[in-house]
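So the structure is just underneath, and the comments pick up after that.
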Amino acid sequence: MTNGGELRRRSTPEETARRVLEAAAAEFVERGYDGAVISDIARRAGVSSGAIYPRWPHKNDLMLAAIEHLLEQLRPERRIEELGLGDLTLPELFQMWGASLLTSDSVRDVLGQVFGSARSNAAIQQRLQHFLDEQADEFCRLVEQAKDEGSCSPEHETAALALLIHSIGIGTHLLLSGGLSDRYVPSEKGWVALLAHVINGLAPPTDPNH
């Protein structure tokens, strides 16, 4: 009997799996693939190690599922929604998103660990490639949308602009997660001003006769 005479509600298999994935994801971010230990993950999730193995027989199975769980939260459309940027034009979105890159969050640690682990784990490398391709698809969609809205010149190659956005995002995260000294990190004002200059340069040329 629990307090109040009510029976303690048992976790459903889905709830248990979610707790295990979140615990495994946290261990991966904090310790990396090699440092993560099943017994520590189980303790963190509040389950026994034996409760993990039926669904994930090997550590690699669990860590891949945890990485999938982490990367799903980093999908561009999900990040845009979380940051409340869904109604902005591409120039506005680019500037707001760029400013957020200088703010410390879990994305840096996740990407740093995934990129590091991918060098020695083919399965993680394959999942990372899939994630990067998904990001590129979404960035290409945003660029095409900007062209349709008239904020981006159709003369610019979509893949080139998508790669520029991709490179700024991941490059900034990896540099800052790697410990770039503060003296080399720009102010938010200066960073946003530069991004605004870049994005404004992508607009179609104005007609001097109008």
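Is segment 198-206 home to any residue that is closer than 29 Å to residue 115 by Cβ, surrounded by 13 or more Cβ atoms within 10 Å (Cβ to Cβ) and at pLDDT 90 or above?
Checked segment 198-206: no residue is closer than 29 Å to residue 115 by Cβ, surrounded by 13 or more Cβ atoms within 10 Å (Cβ to Cβ) and at pLDDT 90 or above.
Looking at (1) of a type outside the set (Gly, Ala, Ser); (2) part of a helix (DSSP H, G or I); (3) at pLDDT below 90, can you tell me which one residue 103 breaks?
Only one criterion in (1) of a type outside the set (Gly, Ala, Ser); (2) part of a helix (DSSP H, G or I); (3) at pLDDT below 90 is unmet by residue 103, namely (2).
Select from segment 51-70 the residues that are surrounded by fewer than 20 Cβ atoms within 10 Å (Cβ to Cβ) and touching a residue at least 24 places away in the same chain (Cβ under 8 Å) and write down the one among them that is farthest from residue 199 (Cα to Cα).
Per the stated criteria, the residue is 51.
Of 141, 108, 183, 75, which residue is basic (Lys, Arg) and either buried (at least 19 other Cβ atoms within 10 Å of the Cβ) or touching a strand residue (DSSP E or B) at 6+ places or on another chain (Cβ under 7 Å) (or both)?
The unique qualifying residue is 108.
The values are calculated or read from the model by the stated rules, or taken from the named source; none is laboratory data. Here the structure is a predicted model, which is why all the values come from computation and not from measurement. Don't worry about glycine lacking a Cβ; one is built from the backbone with ideal geometry, like all the others, and counts go over all protein chains shown.
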